[in-house]
Ligand code: IFM
């Protein structure tokens, strides 16, 4: 096995999202969703990993794993629990968290919408409501005016494509709609507009504060779609999927251009609306001729008979080469800096994670050697957490969480990753020790 060497200025750390780790928030739509029994095993978001009360402990663990960067999200419902009512306690909590990160030498990247929002926003039809964009702008303004002096990097919306798909097509996230294609497109359009408005607003607020170093981007989920077999119709179906799941969002959020069926033209004017592209990559999705080829949406992930060591605990294929393919494609098109804002594996036994990280970093090394301006890697996730509708069973963490005692233990793979964060390399000795 070959050693991996990354440049000295390449930054490594990990990512989380508020609902998945914090606990304690009764105003979010995911709390309501858990009350309705929509999470596996009737689990609830109410305690999660209790990160809200353990911020300092978790930052100390990040430090122990030599993190230089950390991606976290702000829970909208902690800032605006009721419509138009601001919660000072929530704002101060995040001010303190960010201050502690910075003091620990860890650079935060703040996500503003990571799948969850206040229940009041949900009840108004969430992103299908045309006012959603102005609600989000108001929230963004509050956050950036309160935190802008502490942090310069923002990711507006996490995985708008997965979010819209799981909320309106697959029924897994609130409001649990199935095959509601018109809502899928309506929400997608508003998510794009919200990003464009927020991009402008974050820059202008921080500029007024006197800062010139603002960085704003998105985190888009890029799946590697591949047709299994050589079927023309399946190829067509893949193109439709690639368009409506990837390209439509990339055009909208990076170029500021609405395309069919969302609309036409440049609602905020022509321009580039991302300073970096955050790529979340997990797996290859094989599309099979037995899928209904005319089907634009639905289950396109076909698990072929793959060996057990090729699958993660959720049954997704482990396919590191896909990271190279999706990142290269998006870089060749936009030539913007790439951050891998998520990449990780649910692996409760911790027997596959070391190899997973090593092989994905090999792909990053290859991307760099082929001229791709890729600058960061955020492993998903720092801690075991609530995997949305799948509950707490999937274990993505570098750190194991005991959900009874809430005790944290750095996994062997976490130690391995910690060494990489420090030395920016995987040496022969590390391969022998960990693989
Ligand atoms: O846990 C999620 C995260 O919230 C968004 N990206 C994918 C992860 C794993 O499914």
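Quick notes on this one:
- For region 340-390 versus region 175-236, the gap between their alpha-carbon centres in whole angstrom: 21
- Cα gyration tensor, region 369-417 - rounded (a/c under 1.5), prolate or oblate: oblate
- The Cα-based radius of gyration and maximum Cα-Cα distance (Dmax) for region 175-232 are 18.2, 56 Å.
- For region 121-198, the C-alpha radius of gyration divided by 2.2 N^0.38 Å, with N the number of residues, is 1.16.
- Using every pair of distinct Cα positions in region 298-435, the Kirkwood expression returns a hydrodynamic radius of 16.2 angstrom.
- Convex hull volume per residue for region 333-395, taking Cα atoms only, in Å³: 96
- Order of 19, 427 under a 10 Å beta carbon neighbour criterion, fewest first: 427, 19
- Volume per residue of the convex hull around the Cα atoms, evaluated for the chain, comes out as 139 Å³.
- Take the Kirkwood radius over Cα pairs of region 32-76, plug it into Stokes-Einstein at 4 °C and 1.567 mPa s, and you get 101 µm²/s for translational diffusion.
- Here, region 152-253 is characterised by an Rg to Rh ratio of 1.09, where Rg is the alpha-carbon radius of gyration and Rh the Kirkwood radius.
- Relative pair counts by distance (%), Cα atoms of region 194-275, 10 Å bins: 16, 37, 26, 14, 5, 1
- For region 64-120, the extents of the C-alpha atoms along the principal axes are 39, 22, 14 Å, listed from largest to smallest.
- Equivalent ellipsoid semi-axes, region 211-251, via Cα gyration tensor eigenvalues times 5, rooted, Å: 33, 10, 5
- C-alpha center-to-center spacing [region 245-266, region 137-151] in angstrom: 26
- Using all pairs of distinct alpha-carbon atoms, the Kirkwood hydrodynamic radius of region 8-121 works out to 14.8 angstrom.
- Stretched out straight at 0.36 nm per residue, the stretch from residue 272 to residue 370 would grow longer than its current Cα-Cα span by 32.9 nm.
- GNM flexibility winner over the chain from 167, 204, 44 (Cα, springs under 10 Å): 204
Each value in this text was obtained by applying a stated rule to the coordinates, not by laboratory testing. No experiment lies behind these values; they were computed from the predicted model shown. Reconstructed Cβ throughout: ideal geometry from the backbone, glycine too, with neighbour counts over all protein chains shown.
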